[in-house]
Amino acid sequence: MKRSLFGRIWPNATAVVLFVGFVFPVYWMFATAFKPTGDIIAENPVWFPTNVTLGHFKKAIHADHFWTLVANSVTVTVLSVVFALVIALVAAFALARMRFKGRRGLIVTFMLAQMAPWEVMIIAIYMIVRDNDMLDSLVPLTVFYTMMVLPLTVLTLRGYVAAVPKDLEEAAMVDGCTRTQAFVRVIFPLLAPGLMATSLFGFITAWNEFPLVLILNKDVEKQTLPLWLSQFQTAFGDDWGATMAASSLFALPILILFIFLQRKAVSGLTDGAVKG
């Protein structure tokens, strides 16, 4: 009886500890953003803000280049996700439905590309961009962010395409659809969970990426929010309220997206990983 009770308690207790450990820093960031400066620097921590202020957020959104960098981040992130999904859909269909020489090797290559840290190529990436006179441009960021999220996108969508019965596709072709039309009308609608999962992964990867933009883009007008955020405290001295407000604004899109897509994203990654 004691062992059974312990067996029920310790997994829940572990889950609670992990939950608090992961959620508390996020809570503290948002709470600090709403606290007056006096509560932030108080000797005794103010755990729950009572005197809420929006002044720190006003400082953040009125900072130099803020809206330009927001536009840069949104542009690069959205384009990277869209390009990766379009390329991955074609590649995933070919890997799941067609049999050709080198197919298994190509799948292994995608797996190795996903496991390998892309940072080992950062010197080569810089030399390629520099030699093509494309420093301080959003184009290289979009291209390389697409490459970063492409392997997992292909592998996940391949599992979903493989899970769709061929009979559905063949029935559509018997009814007069071409192979492309059968893919668009039959297979594509069934890939929604996989598309959501890979879109969320791609968005988080591109939105948070820091080292590449630090190396390639020295022009502040061509940078993105992660790099701006790393320099934000310097612009405001020791204004931790403004720093936390800027961090909250940066994290908010990902939190909103994850809240709306979390169920589809989790099922999408697990199903796409085990099928096919």
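The values are calculated or read from the model by the stated rules, or taken from the named source; none is laboratory data. Given the structure is predicted, the values throughout are model-derived calculations rather than measurements. Backbone-built Cβ (ideal geometry, glycine too); neighbour counts: all protein chains shown. Heavy atoms of the whole protein, side chains included, go into the accessibility calculation; ligands, DNA and RNA do not. Shrake-Rupley method; radii C 1.70, N 1.55, O 1.52, S 1.80 Å.
For Gly202, state whether it is touching a Ser or Thr at 6+ places or on another chain (Cβ under 6 Å) and either outside any loop (DSSP other than H, G, I, E, B) or surrounded by fewer than 17 Cβ atoms within 10 Å (Cβ to Cβ) (or both).
no
Is there a residue in region 164-181 that is in a helix (DSSP H, G or I), open to solvent by less than 40 Å² (accessible area, probe 1.4 Å), of a type in the set (D, E, K, R) and farther than 17 Å from Phe250 by Cα?
Checked against the condition, which is being in a helix (DSSP H, G or I), open to solvent by less than 40 Å² (accessible area, probe 1.4 Å), of a type in the set (D, E, K, R) and farther than 17 Å from Phe250 by Cα, region 164-181 yields at least one hit.
Which residues, counting only those in region 157-175, are more than 32 Å from the chain's Cα centre (by Cα) and of a type in the set (Gly, Ala, Ser)?
Across region 157-175, the qualifying residues are Ala171, Ala172.
Please enumerate the residues belonging to region 127-147 that are farther than 12 Å from Ala88 by Cα and of a type in the set (A, V, I, L, M). Full working, then the answer.
We begin by selecting, within region 127-147, every residue farther than 12 Å from Ala88 by Cα; these are 127-145.
Scanning region 127-147 gives Met127, Ile128, Val129, Met134, Leu135, Leu138, Val139, Leu141, Val143.
Criterion first (more than 20 Å from the chain's Cα centre (by Cα), of a type in the set (Ser, Thr, Tyr), within 28 Å of Pro226 (Cα to Cα) and open to solvent by less than 50 Å² (accessible area, probe 1.4 Å)) does Thr37 satisfy it?
Here the answer is no, as Thr37 does not meet what is asked.
Taking the residues in region 139-154 that are closer than 12 Å to Val81 by Cβ and surrounded by fewer than 22 Cβ atoms within 10 Å (Cβ to Cβ) as candidates, determine which candidate is modelled with the lowest pLDDT.
Ranking the qualifying residues of region 139-154, first place goes to Met148.
Enumerate the pairs (first residue in region 165-187 and within 20 Å of Val86 (Cβ to Cβ) and of a type in the set (Val, Ile, Thr); second residue anywhere and open to solvent by less than 50 Å² (accessible area, probe 1.4 Å) and in a loop (DSSP other than H, G, I, E, B)) with beta-carbon separation below 6 Å, excluding pairs fewer than 6 apart on the same chain, so at least 6 apart or on different chains.
The qualifying pairs are Ile187/Val164.
Quick one: would you say Thr32 is hydroxyl-bearing (Ser, Thr, Tyr) and open to solvent by less than 40 Å² (accessible area, probe 1.4 Å)? If you could, list the steps in order and put the result at the bottom.
Details: hydroxyl-bearing (Ser, Thr, Tyr): yes; open to solvent by less than 40 Å² (accessible area, probe 1.4 Å): yes.
Here the answer is yes, as Thr32 does meet what is asked.
For region 206-265, which positions are over 16 Å from the mean Cα position of the chain (by Cα), at pLDDT below 85 and loosely packed, with under 14 Cβ neighbours inside 10 Å?
Matches in region 206-265: Ser230, Gln231, Thr234, Gly237, Asp238.
Of all the residues that make up region 39-83, how many are under 30 Å from Thr146 (Cα atoms) and not β-branched (Val, Ile, Thr)?
Of the residues in region 39-83, 13 are under 30 Å from Thr146 (Cα atoms) and not β-branched (Val, Ile, Thr).
Restricting to region 60-87, count the residues that are over 13 Å from the mean Cα position of the chain (by Cα) and without any contact (Cβ under 8 Å) to a residue 24 or more places away in the chain.
4
Return the only residue of Ala92, Ala96 being in contact with a Ser or Thr (Cβ under 9 Å, 6 or more places away or on another chain) and either at pLDDT 90 or above or surrounded by 15 or more Cβ atoms within 10 Å (Cβ to Cβ) (or both).
Selected residue: Ala92, the only one of Ala92, Ala96 that is in contact with a Ser or Thr (Cβ under 9 Å, 6 or more places away or on another chain) and either at pLDDT 90 or above or surrounded by 15 or more Cβ atoms within 10 Å (Cβ to Cβ) (or both).
Table: residues versus (1) of a type in the set (Phe, Trp, Tyr); (2) assigned to a helix (DSSP H, G or I); (3) over 30 Å from Ile187 (Cβ atoms).
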site	(1), (2), (3)
Val16	no, yes, yes
Phe22	yes, yes, yes
Val52	no, no, yes
Ala71	no, yes, yes
Ala84	no, yes, no
Leu106	no, yes, no
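Could you look through region 124-138, keep only residues that are under 17 Å from Asn217 (Cβ atoms) and either out of contact with any helix residue (DSSP H, G or I) (no Cβ under 9 Å at 6 or more places or on another chain) or modelled with pLDDT under 85 (or both), and pick out the one that is least open to solvent (accessible area, probe 1.4 Å)? Can you show your working first?
Taking region 124-138 and keeping what is under 17 Å from Asn217 (Cβ atoms), we get 125-138.
Next, only the ones that are either out of contact with any helix residue (DSSP H, G or I) (no Cβ under 9 Å at 6 or more places or on another chain) or modelled with pLDDT under 85 (or both) stay: 127, 131, 133.
Details: Met127: 88, Asp131: 106, Asp133: 138 Å².
The selected residue is Met127.
Restricted to region 110-123, and to residues that are hydrophobic (A, V, I, L, M, F, W, C) and more than 15 Å from Val143 (Cα to Cα), which residue is surrounded by the most Cβ atoms within 10 Å (Cβ to Cβ)?
It comes out as Phe110.
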